[in-house]
Amino acid sequence: MNPVLEDIYRTGKCVDLAGRERKVTGAVPREDALILQEMVRFVKAKTTLETGVAFGLSTLAICEALLKDGAEAGTVPGSRAGPREGTVPVSARRVADVSPALDARDSPRFRPKHYGVDPEQSTAVGGAALANLKRAGLDSVFELLEGPSHLMLPRLVEKGVVLDLAFIDGWHTFDYTLLDFFYIDKMLRPGGVVLLHDRSWPSKQKVIRFIRTHRRYKELPVRPRESGDRPSARGESGTATVCLGGKRWQSQTLKWVRRVVAAKWHWLRGAPFGIVMSAIANRPEIAAFLKLESFEPDHRFFRNF
Ligand SMILES: C[S@@+](CC[C@H](N)C(=O)[O-])C[C@H]1O[C@@H](n2cnc3c(N)ncnc32)[C@H](O)[C@@H]1O
């Protein structure tokens, strides 16, 4: 993982464009940043998007993987083999492998790009994400669309942008999240992946039900894992580890205590039951959906979701 991102996770702080130190809040946890990177690699992404940039932690993770693994892997001749063994179901791999959109953009001249949509980058966080990206040397692939996603995403649709991966983490209400998904679905190629953060929130669960009932997507299993762990289809290694004297020790008790404390914290803040349970179960808050095909139902279609 990029040292700048590692440093922010270690200290919980970063520096904005004016050189002021800022406390980082509301960012995806480190495990989720690793999942994002894994997904960028899985789809060999060249063009990605996220709604909700804030301090840019998810942005740093995506841009790093895009430059290092995703796009590079896609441009190496003969590298069109499927994603790494064991990370996704076989049926999912087939869709990604045969995607015609990927072929059309396989030229080495096709530059990787990550679009970030956020109305408050300059105001609320003083351009902290932009400063972080510059410090990490990842700013060349990033384009900020400073405005709410319901106004910015249609512009990209109009431009004919094709996405390999998108991450929804903007305004978390049902309506905004559904609109994010609606426009992203129009740009995402078959074989691409859309990810939603805070999946246990009732608003996100509702959108997830919409995806399942109204579009042709397949949910991918995501499991937390530390960067040193080997990738695993079932994510057996999905727990934090501590390194003592050069040897890895699983600290199950410590992990359990941390989970209970986190759950209690959510509970005291009046979080929905789903979030509390998710904290105890240590389930990743990311949901990932692989697009099987472009599909919209007939205009008379209705199904409860
Ligand atoms: C949870 S934070 C994003 C955290 C970020 N993904 C990370 O991991 O560092 C949510 C962000 O959504 C932004 N936001 C609010 N309304 C939005 C909208 N209508 N469209 C897009 N982003 C929005 C906020 O300004 C805030 O920066």
Are any residues in the range 176-196 within 16 Å of the ligand (Cβ to nearest atom) and of a type outside the set (A, V, I, L, M), and if so, which ones? 176, 177, 180, 181, 182, 183
Taking the range 32-44 only, how many residues are out of contact with any strand residue (DSSP E or B) (no Cβ under 8 Å at 6 or more places or on another chain) and either outside the structural domain of residue 193 (by TED's automatic domain parsing) or more than 12 Å from the ligand (Cβ to nearest atom) (or both)? 4
Mind listing just one residue for me: the one in the range 107-147 that is away from the ligand (no atom under 12 Å from the Cβ) and assigned to a helix (DSSP H, G or I) and, of those, surrounded by the most Cβ atoms within 10 Å (Cβ to Cβ)? 131
Does residue 17 count as assigned by TED's automatic domain parsing to the domain that holds residue 195, farther than 20 Å from residue 170 by Cβ, buried (at least 20 other Cβ atoms within 10 Å of the Cβ) and of a type in the set (A, V, I, L, M, F, W, C)? no
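The values are calculated or read from the model by the stated rules, or taken from the named source; none is laboratory data. The structure displayed is predicted, hence computed values, not measured ones. Because the Cβ atoms are built from the backbone with ideal geometry, glycine has one as well, and the counts that use them run over all protein chains shown.
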